[in-house]
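The values are calculated or read from the model by the stated rules, or taken from the named source; none is laboratory data. Predicted model, so just to flag it, every value in this text is computed and none were measured. Reconstructed Cβ throughout: ideal geometry from the backbone, glycine too, with neighbour counts over all protein chains shown. Each accessible area value is taken on the protein alone, full model and side chains, heavy atoms only, with ligands, DNA and RNA left out. Shrake-Rupley method; radii C 1.70, N 1.55, O 1.52, S 1.80 Å.
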Amino acid sequence: MPKPNETPEPTQIIRKKTGNYLEDFRPGQIYRHKGGKTITEGLFTTFTEFAMTTNPFAKNARYARAYGFEGLVCPPGVVMLVAFSQTVEDISENARANLEYIDMKFGAPVYIGDTLEVETKILGVRVSSSRPNLGIVHVQSTARKNIGDATEAIVATWQRKVQVYKGDEAAPVEDFAIDADEIECELYLPPYDPAARLSELAHLSSGDSYFEDLEVGSRIEHSRGRTVTDEHISMTAILDNTSQVHCNQFMIDLDPKQYVGGQLIVFGGIPFALCLGLSCPDVGDNALGDLIYTTGRHTAPLQAGDTVFAATQILDKCDLPGRDDLGIVSTRLFGHKFVRAEGERFEDAPEGWKKVQIFELDRQIVVKRRSHYA
Amino acid sequence: MPKPNETPEPTQIIRKKTGNYLEDFRPGQIYRHKGGKTITEGLFTTFTEFAMTTNPFAKNARYARAYGFEGLVCPPGVVMLVAFSQTVEDISENARANLEYIDMKFGAPVYIGDTLEVETKILGVRVSSSRPNLGIVHVQSTARKNIGDATEAIVATWQRKVQVYKGDEAAPVEDFAIDADEIECELYLPPYDPAARLSELAHLSSGDSYFEDLEVGSRIEHSRGRTVTDEHISMTAILDNTSQVHCNQFMIDLDPKQYVGGQLIVFGGIPFALCLGLSCPDVGDNALGDLIYTTGRHTAPLQAGDTVFAATQILDKCDLPGRDDLGIVSTRLFGHKFVRAEGERFEDAPEGWKKVQIFELDRQIVVKRRSHYA
Amino acid sequence: MPKPNETPEPTQIIRKKTGNYLEDFRPGQIYRHKGGKTITEGLFTTFTEFAMTTNPFAKNARYARAYGFEGLVCPPGVVMLVAFSQTVEDISENARANLEYIDMKFGAPVYIGDTLEVETKILGVRVSSSRPNLGIVHVQSTARKNIGDATEAIVATWQRKVQVYKGDEAAPVEDFAIDADEIECELYLPPYDPAARLSELAHLSSGDSYFEDLEVGSRIEHSRGRTVTDEHISMTAILDNTSQVHCNQFMIDLDPKQYVGGQLIVFGGIPFALCLGLSCPDVGDNALGDLIYTTGRHTAPLQAGDTVFAATQILDKCDLPGRDDLGIVSTRLFGHKFVRAEGERFEDAPEGWKKVQIFELDRQIVVKRRSHYA
């Protein structure tokens, strides 16, 4: 071995491409993403509790078992964070923005110890007419747990549209669009067993968030806010999210005008999960599961120091066929923050502040009825 | 579902009350707190190690098992953090300050995987004569583990007095005071077994903190300090502590003069646990358990950027009836920080700095005798 | 007990010495370090993922089991962080700098639930001729897991040289040097089993980092950077590293000129593990284990706010006798950061920035051959 101070001149310098560019995607191509992720208790706690989830399925193993789950259950925001992040390197490491979440559905429950692996099919590419170095990639991703084991199951599937840069501006790119696959992904709902006397545990969840309580037309301004710190950098790394705008301040410092305040951008999955958590005491504490997020998007970036708030509007309610004990509630979840607007006065913000919406999600949840559970 | 940009006008805006106000508390009323909390390895590690606990029962499973425990043992500061936090929403979300901890006793050991649930009885209310929008609430809380299981046991019980705001200043509030319950809460102490040859593990704990070493009248200035960062925000969220003064910077920014430096306040449980940890190498490394904290209080707030130090004065020592191998040590634990005092000179601080006491706890610990363990 | 405000005057004030000084070390002396450390899932996740490790052995339990491991495997950087930190109090709490890592070898795999204990032998002391209050201590440390259990094994052994202060400048210190022990520490490599059809899992690791891909003479500039925040303070505490320059800002504030920017120094183990992680997609994803780090050193300090990058030069390659499926790759791993250098222009940095090397490690890894695994 050469001595420490005598490293020979390299014969070549290699800088590997990370992620894919617009011209790399092909119709129907399938990416089986690297890594995979076992849900450790460390991962579970970090993200469940960061998000301020209050649903006892994610906090109280006694409660979760009484309902028929095997133990603590990963909240949907955490399933989303872990599964989505697995797709970043292949799909969106070179993205400008994630444009839309579409038909995100949840299936089997995810427990501590489960290993998630994700694959993504390329459904479409459309070059921007105004900005030829950019285009929209439309993908469909599916997350499975415990492949090859008796407990193998789909835990989530979703589509998304993401704005991706070209690697080589001169590369020719043809638009294409193919149909999404039909993915069998049905939300697991533990059966209702009157003998389990679950009403004896009713004090462990909030008393005013049953199906009967959620009134169509109401908008609930969730009371609590949560300031996000630069903790987001390590959280993003823990998720294996490889996008450099979330964790490489030097890259920002080289071109600070490109980024608000010269600051790193918080990975969108983090406000996604946090808004779900902030809404939990009012609309999620008695949810047995999240059925589908039909559409969702980030409407403004989030950065360290911002305080996140959330609100939920109840759009609709209906029965769940075959389950008298449950109902489906259609909601629209909003996330927002406040930015300084010195001297200005807006109706929906304190003087000197402006309210900025950061997130919106159309979300259908399966909610317990008080008649059966309280 | 309405389109994303066409959310209908809500029929009503709901802003739920969070927590209770002075006028809400009734004599003898019992709150069974929501949530409950399973001790995951993530939670265990985050808080045990944050606090810089050095007692091997919380770090070394081989050592803990050799003593007769089932595995790693939650240190008392962590039991306190988790159990106390469960009571915040109902009791102190609308508090101005926590005034006193009283007779905090520990019972069964808490292991990873145990689920804690807590209930609180209202013992008294006393309206402030000088500030009619405030009053003192006196409560008694009890934390159980694994309710309904063969391992069900009380793990801690304590009283506290907390200064709580009125929600409606005009609401009439009558003072009341009732007796505390007698709660059976005896510290679990594994039996002494000479055949276990525990002295072979003596090198794993500090060699100068046995019962014989702790001299009545001595004050030990613990050597190490620990700077608290804005990590406290996520730590508080992980504990389900819902008080907004710990995690909502926007609320502070609306009225920064109300808060020192316009900064969030660190949840008191954090310096509580940290002071226990900082004192551990000198007085806690050979403790088999913490018996009782007869009284304790926060004497100044802590904020991100402050460095916490601790000291312990040995007040008294006595035998533990029936256990030749152990003794009881009565201590007073102090926490302090330094604040800048330019140009000033105080006896107990470097020039330009002033020492500020932040915490005080009267603490009785059960300590191993060198004669039996080393 | 005296009343809270009536603490009696102490009979004595005790300030304990922490750690050892140059004059305390004796030839051949053995320290069995305190504490020991059980690898919880919290500890595992915090450090594995902080380091951005991408090797699936540390992320995907299904993959690790298919290869013959019992479950997720601690990456070598995490074994190093935990084991090394156990030695800090006795060896380097009063150090000025860690000068060199020597012959760090890995043995048995470390799993979640394993308990590590470490001992250190003093091999040498040499007083500085130019600075009589300093000297170099040369030690050999060995980390075992699960002592007394059927799974007891050596997991790592290494030497290091560290520059330690005298406690009493007048204390006489004699130089000495003794031979290092021969420690049996052979890297565990799961046997190759063609029937396991491991190529079916090849998509879970990077496709271009097999033995065949790593060309002698090449230097790979790893693409991603990671900004380190003041998270390092709590990370250091989690590791039981007691050195105050990593976590006591008040100590820095008393003498800020001694520390770059008046800031805490990041514990060297953190960039050590992070550089290993940043290099992982390019050179570590298909490593079955790390064989030896023959020499390594920190060449500049790291502080909160710095962004860490890494590069690997391939120095040599050879067969591994008896294992057609594997080969040994000798590499030199570099860590670097950029500091502002306004108006200046360096060849290897963007204008206005200067590249500063922070770390260097001669590292031999055992890498899978594509011929057998892909």
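Data overview
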quantity	calculated
Set of region A:129-150 residues, backbone N closer than 12 Å to the point 7 Å along the Cα-Cβ line of A:Asp175	A:129-130, A:136
Where a label projected 7 Å from the Cα of A:Glu152 along Cα→Cβ would reach, residues of region A:88-123 with amide N under 14 Å	A:115-119
Computed [θ] at 222 nm, helices only, for the protein assembly as shown once each DSSP H run of length n ≥ 4 contributes -39500 (n - 2.57)	-4000 deg cm²/dmol
Selection of GluC sites (Glu not before Pro), region A:177-284, meeting DSSP coil and at most 15 other Cβ within 10 Å	A:Glu182, A:Glu184, A:Glu186, A:Glu215
Rg(Cα) / (2.2 N^0.38 Å) computed for the protein assembly as shown, rounded to two decimals	0.93
Within region A:1-68: Cβ-based charge dipole about Cα centre, in debye rounded to nearest 20 (Lys, Arg +1; Asp, Glu -1)	300 debye
GNM result for chain C, Cα springs below 10 Å: residue of C:Ile358, C:Ile102, C:Ile14 fluctuating most strongly	C:Ile14
Shielding by partners - mean other protein chain Cβ count within 10 Å, residues of C:5-12	5
Averaged over A:53-64, number of beta-carbon atoms from partner chains that fall within 10 Å	5
Whichever aspartates and glutamates have a C-alpha closer than 17 Å to that of A:Lys257, once near sequence neighbours (fewer than 8 apart) are set aside	C:Glu351
Loop-located trypsin sites (Lys or Arg not before Pro) in region C:312-374 whose Cβ has at most 15 other Cβ within 10 Å (DSSP)	C:Arg345
Farthest toward positive dipole pole in chain C [+1 Lys/Arg, -1 Asp/Glu at C-beta], among C:Val245, C:Thr54, C:Phe309	C:Val245
Above-threshold pairs, the threshold being 25 Å between Cα atoms, out of B:Lys355/C:Lys3; A:Lys105/B:Lys34; A:Lys105/A:Lys355	A:Lys105/B:Lys34; A:Lys105/A:Lys355
Region B:131-254, dipole about Cα centre (Lys/Arg Cβ +1, Asp/Glu Cβ -1), debye to the nearest 20	380 debye
In degrees, nearest ten, helix A:41-50 long axis to first principal axis of chain A (Cα)	80 degrees
Net charge dipole size for region C:218-374 [Lys, Arg +1 and Asp, Glu -1 on Cβ; Debye, nearest 20]	300 debye
Gaussian network model of chain A, springs between alpha carbon atoms under 10 Å - residue of A:Val283, A:Val164, A:Val356 with greatest fluctuation	A:Val356
Whole-Å semi-axes of the ellipsoid equivalent to region C:167-322 (Cα gyration tensor, √5λ, descending)	38, 23, 15
Solvent-accessible ranking of B:Met251, B:Met1, C:Met80, largest area first, probe 1.4 Å	B:Met1, B:Met251, C:Met80
Solvent-accessible heavy-atom area per residue, rounded to whole Å², over chain C at 1.4 Å	38 Å²
Where trypsin sites (Lys or Arg not before Pro) fall in DSSP loop in region C:16-114, at most 11 other Cβ within 10 Å	C:Lys17
Heavy atoms of B:Leu134 accessible to a 1.4 Å probe, total area in Å² rounded to 10	0 Å²
Net charge of Cβ neighbours under 12 Å - reference B:Ile102; Lys, Arg +1; Asp, Glu -1	+1
Buried area at the A-B interface (accessible, heavy atoms, 1.4 Å probe, summed, Å²)	4100 Å²
Sorted largest first, extent of chain A alpha carbons per principal axis (Å)	74, 62, 50
Accessible-area composition of region A:68-156, carbon plus sulfur, in percent [1.4 Å probe]	46 percent
Rounded to 10°, Cα long-axis angle of helix B:76-86 versus longest principal axis of chain B	20 degrees
Sites C:Gln29 and C:Ser129, calculated FRET efficiency, Cβ-Cβ separation with R0 30 Å, nearest 0.05	0.80
Highest-fluctuation residue, A:Val127, A:Val137, A:Val78 considered, GNM on chain A with Cα pairs under 10 Å	A:Val127
R0 of 41 Å, Cβ-Cβ distance B:Ala341-B:Glu215: FRET efficiency to nearest 0.05	0.80
